[in-house]
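*Asks:* Here it is: the structure, laid out below.
The values are calculated or read from the model by the stated rules, or taken from the named source; none is laboratory data. Remember, predicted model here, so these are calculated numbers, not experimental data. Cβ atoms come from the backbone with ideal geometry, glycine included; neighbour counts cover every protein chain shown. Just the protein is used for accessible areas: all its heavy atoms, side chains included, with ligands, DNA and RNA removed. Shrake-Rupley method; radii C 1.70, N 1.55, O 1.52, S 1.80 Å.
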Amino acid sequence: MFIDNFRRGEGQSKINFSSKLAAKLADLSWKTFQAVNTALPEGKSIHPKWAPAPLLKSYERTRPPLGFPRETDSLCPKCVKIVREEVIKGEIPLEILMFSHPGEIKAQLIEEDGKIFIRKTCPTHGFFEDILATDAEFLKRIESLFFGRDFRTADDAHIHHHGTSNIQFGRGAVLTVDLTNRCNMMCNPCFMDANQVGYVHEPSFEDIKAILDRAVSFKPRRQIIILFSGGEPTLSPHFLDAVSYAKGIGFYRILAATNGIRYAEDIEFCHRAKEAGQHGVYLQFDGVGEEKNKHRGVGNLFDVKLKAIENLSSVGIKITLVTTIVNTINNDSVGDIVRFAAANIDKIQTIAFQPVSFTGRDEDISDENRRKYRYTLSALAHDLQNQLKDLVDLQPLRDWFPLSSYSAFTSVMDMLQGADAPWGWSACNCHPNCGIFTLVVVNKKTGEMKSLFEFFDYEQFMRDVTVITDTARGKKLTMAQLAMAIMRNYKPEKAPRDFPISQIINLFKPSSANANSDRNDRMKQPTSDADLWRVLCIEGMWFQDLYTYDFRRTEMCVIPYGTQEGEISFCAYNTGVGWRQIIENMHKTASVAEWYKNHGRHPVYAKGKKVPGIQKAKSIVLPVINKIPSEQEKISPYLIEEDPIDQPFQDRVVI
């Protein structure tokens, strides 16, 4: 096909001309094809065996109430804690949470003074108010770009049986499984109040296997990232076995949410984790330098992070930095974190910024401190614009999109896999208030950065993908249309001078060659002279607490917890009615005293204590990893199959 002709011999001097010509030809081809395509009756959607119904077309997708003002269902921050304690003490039955509505009240989401607020009144405890967006226009734009809900879940009563906390839509993107509530740090903030609840909750290996088995027992049967968490998951004696078991079931990405201490201490552990099937880590990372990490209580935590990144990269484990942002504490350093990631782009591909959620250890925060420390996604977009303006033009109303917009591409991948695929593609159909993202390209030699969406029209691309999926013309025509849509939305005149169109193609192209390929694996060029650019994904994910709680978000959760009592929305588990505390009490392994007696104490680094054996870093730019152990490439049964003659693309898409 014509893509290959432009990719062959794409030299430095010809990049701009060939890219412009390719984009123009693609745009002309698209318009010519669609003049006929859209005039014909739509094709019939396939009904994959993993799905509860035929694939949804855009107009068949439902949407939650959006726009402002609107009313939603929320919780009283005071009533909920009373009910939770009574359930834990056995004073009222657990079933009250499944068949009643304790603590639930109505809430109003309103626009006022250029901001979005949530306001609610409990007849017993009075009035509550919090802020959802410091820039109303930002949030309104994000909501306007919502792609639509995924399937309703089916045959899932054994998984979702948590009353109004049930997940009702979608297949999800990440399944979090807590392996232990023990931790080797004493962080604040902490979702689970690790080390402080008076008991140990550590599922057995049989429990872990049952959780993973249940994850594939209902429809939509989905390919989902498995995220082992805690506490510190590497403290669990079952960690490596759990990774291996998840891999064996067929989950292609297994990650750990970690503070990095174990990986920094022990390179051999990194090797064993990689051999077991671990693909990546979500590495806690609050800032550049010890000063921005000292609130975590570890004397040399930043050096620990650098060593963990170096060790993990050396064995081929992918790294996502996860930063909890607390207003007035570290929001002034979000730009520095992006600079750090860009300087180490050979090792770091994603930053996940998480505005603080007042749960766990911080659930009882005072109103004064809650207002002081509250941070929003719109504030993140503006802070990054201001802190990076000397490096990249990152515009809040141009360059940010809801995480759920990924689902536009998921719908194409579901079509390409065909009706016989045993798995549905991973889908991030979360509520638009839950998460946002942007993509920045980074020149790995010069450090030059540019917003991808400055030279790639992602909004139009999503509209083009909607046309492709709604008309449903079969695999070959779908691939051809996708190729045209990618290239026609590329704006070479706005791209970096030496940025080849082939890297845009590589970024979005679908394939099954390697189940573990990611965006930067795909962007690698066959010749080193052209292999200059990588993509840094910057995400914002804001979890709810009792003051911002919205059941319309909970029912669309894409990052559920897998527990001994089924799958529960992330926010319903960590906050909401408090399913974490309830389930951990139901299944606690031992009291802390009993655990220490039988197992001894594990090291805890707090009050300025340093992790031993970690050398002081001389630079925040870590050594370049020249060679990473290669993955064993194999075609997985749940990824699309290819005909190399008829199809121009080589790799799978996971943006």
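*Asks:* Restricting attention to segment 459-477, and to residues there that are assigned to a helix (DSSP H, G or I) and farther than 28 Å from residue 142 by Cβ, which single residue is modelled with the highest pLDDT?
*Replies:* 477
*Asks:* Moving on. Which ones in segment 27-57 are touching a Gly at 6+ places or on another chain (Cβ under 8 Å) and open to solvent by 30 Å² or more (accessible area, probe 1.4 Å)?
*Replies:* Listed by number, the residues that qualify are 46, 56.
*Asks:* So which residues in segment 225-242 are under 30 Å from residue 52 (Cα atoms) and touching a Phe, Trp or Tyr at 6+ places or on another chain (Cβ under 7 Å), if there are any at all?
*Replies:* 226, 227, 228, 242
*Asks:* Is it true that residue 465 is open to solvent by less than 20 Å² (accessible area, probe 1.4 Å) and free of Cβ contacts under 8 Å to residues at least 60 places away in the same chain?
*Replies:* yes
*Asks:* Among what's in segment 78-108 and is of a type in the set (A, V, I, L, M) and in contact (Cβ under 8 Å) with a residue 60 or more places away in the chain, pick the residue that is nearest to residue 585 (Cα to Cα).
*Replies:* Ranking the qualifying residues of segment 78-108, first place goes to 88.
*Asks:* Scanning for something open to solvent by 70 Å² or more (accessible area, probe 1.4 Å), of a type in the set (S, T, N, Q), more than 28 Å from residue 383 (Cβ to Cβ) and modelled with pLDDT under 90, does segment 632-655 turn up at least one residue?
*Replies:* Yes, segment 632-655 contains a residue that is open to solvent by 70 Å² or more (accessible area, probe 1.4 Å), of a type in the set (S, T, N, Q), more than 28 Å from residue 383 (Cβ to Cβ) and modelled with pLDDT under 90.
*Asks:* Could you check residue 307 against (1) open to solvent by less than 10 Å² (accessible area, probe 1.4 Å); (2) closer than 19 Å to residue 280 by Cα; (3) not β-branched (Val, Ile, Thr) and say which number it fails?
*Replies:* For residue 307, the exception is condition (1).
*Asks:* Where in segment 523-570 are the strands (runs of 3 or more DSSP E), entirely inside, with at least 2 residues that are more than 19 Å from residue 170 (Cβ to Cβ), modelled with pLDDT of 90 or more and touching a Phe, Trp or Tyr at 6+ places or on another chain (Cβ under 7 Å)?
*Replies:* 533-541
*Asks:* Filtering segment 225-260 down to residues that are touching a residue at least 60 places away in the same chain (Cβ under 8 Å) and out of contact with any strand residue (DSSP E or B) (no Cβ under 7 Å at 6 or more places or on another chain), which residue is farthest from residue 410 (Cα to Cα)?
*Replies:* Looking at the filtered set, the residue picked out is 235.
*Asks:* Mind counting the residues in segment 376-425 that are among the acidic types (Asp, Glu), in a helix (DSSP H, G or I), more than 30 Å from residue 130 (Cα to Cα) and open to solvent by 10 Å² or more (accessible area, probe 1.4 Å)?
*Replies:* Summing the residues that are among the acidic types (Asp, Glu), in a helix (DSSP H, G or I), more than 30 Å from residue 130 (Cα to Cα) and open to solvent by 10 Å² or more (accessible area, probe 1.4 Å) in segment 376-425 gives 0.
*Asks:* Quick check on segment 398-407. Is at least one of its residues in contact with a Phe, Trp or Tyr (Cβ under 9 Å, 6 or more places away or on another chain), modelled with pLDDT of 85 or more and farther than 15 Å from residue 462 by Cα?
*Replies:* no
*Asks:* For residue 222, indicate whether it is open to solvent by less than 40 Å² (accessible area, probe 1.4 Å), of a type outside the set (Gly, Ala, Ser), in contact (Cβ under 8 Å) with a residue 24 or more places away in the chain and on the phi < 0 side of the Ramachandran plot.
*Replies:* yes
*Asks:* For segment 60-83, which positions are over 18 Å from residue 550 (Cα atoms) and more than 26 Å from the chain's Cα centre (by Cα)?
*Replies:* If the condition is that a residue be over 18 Å from residue 550 (Cα atoms) and more than 26 Å from the chain's Cα centre (by Cα), then 82, 83 are the ones that fit.
*Asks:* Still on this model: What tally of residues in segment 273-304 results from selecting those that are surrounded by fewer than 22 Cβ atoms within 10 Å (Cβ to Cβ), over 23 Å from residue 338 (Cα atoms) and either within 25 Å of the chain's Cα centre (by Cα) or of a type in the set (Phe, Trp, Tyr) (or both)?
*Replies:* Of the residues in segment 273-304, 4 are surrounded by fewer than 22 Cβ atoms within 10 Å (Cβ to Cβ), over 23 Å from residue 338 (Cα atoms) and either within 25 Å of the chain's Cα centre (by Cα) or of a type in the set (Phe, Trp, Tyr) (or both).
*Asks:* Select from segment 324-338 the residues that are surrounded by fewer than 22 Cβ atoms within 10 Å (Cβ to Cβ) and of a type in the set (Ser, Thr, Tyr) and list them in ascending order.
*Replies:* Listed by number, the residues that qualify are 328, 333.
*Asks:* Any residue that is closer than 24 Å to residue 239 by Cβ and part of a helix (DSSP H, G or I) - is there at least one of those in segment 317-337?
*Replies:* Looking for residues that are closer than 24 Å to residue 239 by Cβ and part of a helix (DSSP H, G or I), one finds none in segment 317-337, hence no.
*Asks:* Provide a single number: the residues in segment 46-102 that are assigned to a helix (DSSP H, G or I) and either under 16 Å from residue 554 (Cβ atoms) or of a type outside the set (Val, Ile, Thr) (or both).
*Replies:* 13
*Asks:* If you don't mind, another one. In this structure, does residue 360 turn out to be in contact with a Cys (Cβ under 9 Å, 6 or more places away or on another chain), among the small types (Gly, Ala, Ser), touching a residue at least 24 places away in the same chain (Cβ under 8 Å) and open to solvent by 10 Å² or more (accessible area, probe 1.4 Å)?
*Replies:* yes
*Asks:* Looking for something within 30 Å of residue 564 (Cβ to Cβ) and surrounded by fewer than 18 Cβ atoms within 10 Å (Cβ to Cβ) - is there at least one such residue anywhere in segment 146-154?
*Replies:* For segment 146-154, residues within 30 Å of residue 564 (Cβ to Cβ) and surrounded by fewer than 18 Cβ atoms within 10 Å (Cβ to Cβ): present.
*Asks:* Considering each residue of segment 478-511, count those that are within 23 Å of the chain's Cα centre (by Cα), surrounded by fewer than 22 Cβ atoms within 10 Å (Cβ to Cβ) and either basic (Lys, Arg) or not in a helix (DSSP H, G or I) (or both), and give that number.
*Replies:* Total satisfying the criteria: 2.
Okay, residues lined up against (1) within 30 Å of residue 345 (Cα to Cα); (2) open to solvent by less than 40 Å² (accessible area, probe 1.4 Å):
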site	(1), (2)
534	yes, yes
543	yes, yes
548	no, yes
563	no, yes
572	no, yes
577	no, yes
580	no, yes
584	no, yes
599	no, no
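*Asks:* So, one more: How many of the residues making up segment 339-353 are surrounded by 21 or more Cβ atoms within 10 Å (Cβ to Cβ) and closer than 18 Å to residue 403 by Cβ?
*Replies:* Result for segment 339-353: 3.
*Asks:* Another question about this same structure. List the pairs whose first member sits in segment 158-176 and is open to solvent by less than 20 Å² (accessible area, probe 1.4 Å), whose second member is aromatic (Phe, Trp, Tyr) and modelled with pLDDT of 90 or more, and whose Cβ atoms are under 7 Å apart, counting only residues at least 6 apart or on separate chains?
*Replies:* Final answer for the pair search is 162/579; 165/579; 176/561; 176/570.
*Asks:* I would also like to ask the following. Kindly evaluate residue 253 against the criterion of being of a type in the set (Lys, Arg), open to solvent by 10 Å² or more (accessible area, probe 1.4 Å), within 21 Å of the chain's Cα centre (by Cα) and over 23 Å from residue 308 (Cβ atoms).
*Replies:* When the stated conditions are applied, residue 253 does not pass them.
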